[in-house]
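Student: The following block contains the structure, expressed as structure tokens.
The values are calculated or read from the model by the stated rules, or taken from the named source; none is laboratory data. Only a predicted model underlies this, so the values are computations on that prediction, with no experimental measurement involved. For neighbour counting, all protein chains shown are included, and Cβ atoms are generated from backbone atoms with ideal geometry for every residue, glycine included.
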Amino acid sequence: MDLDIRRAILANIKNNNEEQLEATITDSIGGREVLLPGLGVLFELIWQHADDNEKAEMVDALAKGVQATQS
């Protein structure tokens, strides 16, 4: 039986308000690794609905974060 992770995660958050969505993100960051796929699905959703400027800002923030972890 295949588990559709995207569908399951989106079903779990479909009725969440902004505060609940933020809590989902903050609870997942630095938490159990089992939650990381959920963050990937959320990021995918954000990316798909971002314009080119927002995508460039996210990539820049990611690059800075990667550099900071290497310092």
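Student: Could you count how many residues in region 1-21 are among the acidic types (Asp, Glu) and modelled with pLDDT of 95 or more?
Tutor: We begin by selecting, within region 1-21, every residue among the acidic types (Asp, Glu); these are 2, 4, 18-19.
Add one more test, that the residue is modelled with pLDDT of 95 or more, and what stays is 18-19.
Total meeting the criteria: 2.
Student: List every residue pair whose Cβ atoms sit under 8 Å apart, with the two residues 6 or more apart in sequence or on different chains, where the first one lies in region 52-71 and is closer than 20 Å to Gly40 by Cα and the second, anywhere, is among the aliphatic types (A, V, I, L, M).
Tutor: Met58/Ile46; Met58/Ala50
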